[in-house]
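Take a look at the structure set out below.
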Amino acid sequence: MSCRRHSRSQRRAYNTGMSETIILLTDLEAAINYWRLQRPATGEECALSPEVNTLANVYAVMIIEHLHEITTTAISKEALQLLHAWRASRADSVAVDQR
């Protein structure tokens, strides 16, 4: 996995929800925490769920390579789907709060 440099306008586009070209480390951490609540570790060995494990692999690469962001093209389709589901859950909770 690798991370390309992005202009400020691309980062701003991501932060306003206009683009999904990059994933910030803080967003990945939040997604991991979301999935840990949805699918807690199981068994005596406290094995991670497949969802958490998939995102933890991306997280590990980012930490080892000292990345603060990563492109969506650099991660697996499974990880991207999990991130989309996390974002959708956030959008749903915001909509409920605004009612």
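The values are calculated or read from the model by the stated rules, or taken from the named source; none is laboratory data. Please read all numbers here as calculations on a predicted model, not as lab measurements. Quick reminder, even Gly has a Cβ in these numbers, built from the backbone with ideal geometry, and neighbours come from all protein chains shown. Note: areas computed on protein heavy atoms with side chains; ligands, DNA, RNA excluded. Shrake-Rupley method; radii C 1.70, N 1.55, O 1.52, S 1.80 Å.
Here are the numbers for this structure:
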{"item": "Using a Förster distance of 25 Å, the FRET efficiency for Ala41-Gln81 (Cβ separation, nearest 0.05)", "result": "0.75"}
{"item": "Exposure rank, largest accessible area first [Glu69, Glu29; 1.4 Å]", "result": "Glu29, Glu69"}
{"item": "Lys, Arg +1 and Asp, Glu -1 on Cβ, resulting dipole of segment 25-67 about Cα centre, debye, nearest 20", "result": "100"}
